[in-house]
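To start, the structure itself, in structure tokens.
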Amino acid sequence: MTNLSKDLRETLKESEPLTVLEEVDALHSQKDGTVKYLFRLKDDRVIESVLMKYHYGNSVCISSQVGCRMGCKFCASTIGGKERDLLPSEMLDQIYRIQSLTGERVSHVVVMGTGEPFDNYDNLMRFIRILTDPNGLDLSARNITVSTCGIPDRIRAFAGEGLPITLALSLHAPNNEIRKQLMPVAAKYDLSEVLDAFRYYYNKTGRRLTFEYSLVEGINDEEEHARELSRLIKGLNCHVNLIPVNPIKERNFRQSESKRVQSFKNILEKNRINVTIRREMGADINAACGQLRKSYMDSNTV
């Protein structure tokens, strides 16, 4: 920036970090056009982002942390724990870098990659404010989804931010006992407490709630689980995403059979719950959260 004095440039260099993500790898799906990117940060850590192409536009799933401390048993992102939070600029540049690499505009953003967004709350909010600002990407808040494993006080705080953002809960169980088997956070926050916070979010924002439910064979995928889930969320203005779990080598979880997934869906529908089976994007490139980063770290460990 030669229009600034040399002294000012030196001061900025020392006091203001400049974020420019470096592309390390990119896996391109031959099935659906999904692209999974591995980006290197300034401190040589790596993060993942995923570009997904839909009829309504391009959606990018971004990471909010390097690693994750939530410890969900079915997720590769948590293996190795959390290393650090991402800065707002590091979250933003995942989107800008993908736009630059593809030459295409991103219309939807999902904060559902590596990390628990509400564990990095202040940086998340700064990121969203810039993302939706007319001088930023000028993205509609209605085109942003934030996914959380369920931190009640942060959900309530988020409800007060005045933004019509879609909030998704990583539910994955019809009761707290099964949830504790899959998600350590359930030992700290009871499911009833989390759902109360979700109802509060709906009452404050009017935004339909989303529940993410990964089906794990023999653990949470039986017909009785579907009936119990129906009773749990009955009456809520919500949508359930059923997700056949992505097997990872460090765990022995297996995907539910397609018949069982369909049966689970049918029971929810009979109970008048809006439900879809999530289309597996990028299945041929291991696009599930944390897999590319974990593979890269394993291959680069001395």
Hey, can you tell me all the residues within segment 1-22 that are among the aliphatic types (A, V, I, L, M) and in contact with a helix residue (DSSP H, G or I) (Cβ under 9 Å, 6 or more places away or on another chain)?
Met1, Leu4, Leu18, Val20, Leu21
Being crowded, with 19+ Cβ neighbours inside 10 Å and among the aliphatic types (A, V, I, L, M) narrows it down to one of Val261, Val275, so name that one.
Val275
Does Asp85 fit the bill of being within 12 Å of Ser63 (Cα to Cα), under 17 Å from the mean Cα position of the chain (by Cα) and without any contact (Cβ under 8 Å) to a residue 40 or more places away in the chain?
yes
Is one or more of the residues making up segment 200-207 under 15 Å from Gly150 (Cβ atoms) and touching a strand residue (DSSP E or B) at 6+ places or on another chain (Cβ under 9 Å)?
yes
Which pairs do you get when a residue that is in contact (Cβ under 8 Å) with a residue 24 or more places away in the chain, found in segment 102-114, comes within reach of a residue that is aliphatic (A, V, I, L, M) and in a loop (DSSP other than H, G, I, E, B), reach meaning Cβ atoms under 7 angstrom, with the pair 6+ apart or on two chains?
Val109/Leu139
Give me a count of the residues in segment 29-38 that are of a type in the set (Val, Ile, Thr) and assigned to a loop (DSSP other than H, G, I, E, B).
1
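Residues checked against (1) free of Cβ contacts under 8 Å to residues at least 60 places away in the same chain; (2) not polar (S, T, N, Q):
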residue	(1), (2)
Asn135	yes, no
Asp153	yes, yes
Ile178	yes, yes
Met183	no, yes
Thr210	no, no
Glu223	yes, yes
Cys238	yes, yes
Do we find that Asp119 is out of contact with any Gly (no Cβ under 8 Å at 6 or more places or on another chain) and surrounded by fewer than 16 Cβ atoms within 10 Å (Cβ to Cβ) in this structure?
no
Of residues in segment 226-237 being closer than 25 Å to Lys259 by Cβ and in contact with a strand residue (DSSP E or B) (Cβ under 9 Å, 6 or more places away or on another chain), the one surrounded by the most Cβ atoms within 10 Å (Cβ to Cβ):
Leu229
Tabulated pairs, segment 255-269, first of a type in the set (D, E, K, R), second buried (at least 19 other Cβ atoms within 10 Å of the Cβ) and outside any helix (DSSP H, G or I), C-beta under 9 angstrom, 6+ apart or interchain
Glu257/Asp221; Arg260/Leu215; Arg260/Asp221; Lys265/Val240; Lys265/Leu242; Lys265/Val275; Glu269/Val275
Selection over segment 1-28 where residues are surrounded by 10 or more Cβ atoms within 10 Å (Cβ to Cβ), among the hydroxyl-bearing types (Ser, Thr, Tyr) and in a loop (DSSP other than H, G, I, E, B) yields a count of 2
Pairs only if they're at least six apart or on different chains, beta carbon under 6 angstrom, first in segment 35-52 and closer than 10 Å to Leu21 by Cα, second modelled with pLDDT of 95 or more and not in a strand (DSSP E or B); list them, first residue then second.
Phe39/Leu21; Ile47/Ser63
Of residues in segment 125-162 being aliphatic (A, V, I, L, M) and either within 20 Å of Val194 (Cα to Cα) or modelled with pLDDT under 95 (or both), the one surrounded by the most Cβ atoms within 10 Å (Cβ to Cβ):
Ile155
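The values are calculated or read from the model by the stated rules, or taken from the named source; none is laboratory data. This is a predicted model, so every value here is computed, not measured. Positions of Cβ are backbone-derived with ideal geometry, glycine not excepted, and every protein chain shown enters the neighbour counts.
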